[in-house]
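These notes concern the structure reproduced below.
Coordinate-derived values only; no laboratory data. Please read these numbers as outputs of a predicted model, since none were measured by experiment. Cβ placement follows ideal geometry from the backbone for every residue including glycine, while neighbour counts extend to all protein chains displayed.
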Amino acid sequence: MTETKQQYGDPMTYPIWEAAARYELLIQHCKVCGHYQFYPRPFCLNCDSDQLEWKRVSGDATVYSKTTVHLKIAPEFDPPYVVALVELDEGPRMLCNIEGGAAEIGDRVKLAWREREDAPPLPIWMPA
Ligand SMILES: [Zn+2]
């Protein structure tokens, strides 16, 4: 009997979630032009190449934009909480939560992980 490995996400994001289980952040990288991109796509946004690979990145980033949510809009999120776009040092921006302290636009932030029961750890950011 063959046991099927349970995978999280969809085929384009399987590598991201497999790495998240090891607390590693992977970003797509173009082997032709060096462009990094997020979210993952089947081709490079910069040069249209399909020669993409996954690179582990530190998650070191700068807050590009942020807002604080004060209304309860989902049962799993207790306000207030911060939703932000952080710009990775490699270039791509990621939508995320910032936890563990206040961070303003332009502030440096670092990668952290939020444990989840039925899913791989979720990347979040905290003040650097
Ligand atoms: Zn490219």
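Among the aspartates and glutamates, which have Cα under 15 Å from the Cα of LYS55 when same-chain residues fewer than 8 positions away are ignored?
GLU18, GLU24, ASP89, GLU90
Please identify the trypsin sites (Lys or Arg not before Pro) of region 55-97 that satisfy two criteria: DSSP loop assignment and at most 11 other Cβ atoms within 10 Å. Which are they?
When the trypsin sites (Lys or Arg not before Pro) of region 55-97 are filtered for loop state and at most 11 Cβ neighbours within 10 Å, LYS72 remain.
Among residues other than LYS66 whose Cβ falls under 15 Å from its Cβ, what is the net charge (Lys/Arg +1, Asp/Glu -1)?
Charge balance in the 15 Å sphere: -2.
Taking the beta-carbon count within 10 Å as an exposure proxy, list MET94, MET126 from fewest neighbours to most.
MET126, MET94
So, with +1 on the Cβ of K and R and -1 on the Cβ of D and E, and no other charges, what is the size of the charge dipole of the chain about its Cα centre, to the nearest 20 debye? Could the numbers behind the result be given before it?
Working: 13 positive and 19 negative charges, 31 e Å.
Taking the Cα centre of the chain as origin, the dipole is about 140 debye.
Where is the GNM fluctuation largest for the chain (alpha-carbon springs, 10 angstrom cutoff): GLU76, GLU24, GLU53?
So, out of GLU76, GLU24, GLU53, the one fluctuating most is GLU76.
Quick one: grab the alpha carbon gyration tensor of the chain, order the square roots of its eigenvalues as a ≥ b ≥ c, and give me rounded if a/c is under 1.5, else prolate or oblate depending on whether a/b is larger than b/c.
In terms of gyration-tensor shape, oblate.
Hand me the GluC sites (Glu not before Pro) from region 78-115 located in a DSSP loop with no more than 10 other Cβ atoms within 10 Å, in residue order please.
Sparse-neighbourhood loop GluC sites (Glu not before Pro): GLU104, GLU115.
If a/c stays under 1.5 just call it rounded; otherwise compare a/b with b/c (prolate if a/b is bigger, oblate if not). Do that for region 69-128, with a ≥ b ≥ c from the square roots of the Cα gyration tensor eigenvalues.
oblate
So for CYS30, CYS47, fewest C-beta neighbours within 10 Å to most, what's the order?
CYS47, CYS30
Give me VAL109, VAL83 ranked fewest to most by other Cβ atoms within 10 Å of their Cβ, as a rough exposure proxy.
Sorted ascending by nearby Cβ count, the order is VAL83, VAL109.
How would you classify region 3-66 from its alpha-carbon gyration tensor, with a ≥ b ≥ c the square roots of the eigenvalues: rounded for a/c under 1.5, else prolate if a/b is greater than b/c, otherwise oblate?
Oblate shape, in that a/c is at least 1.5 and b/c is the bigger or equal ratio.
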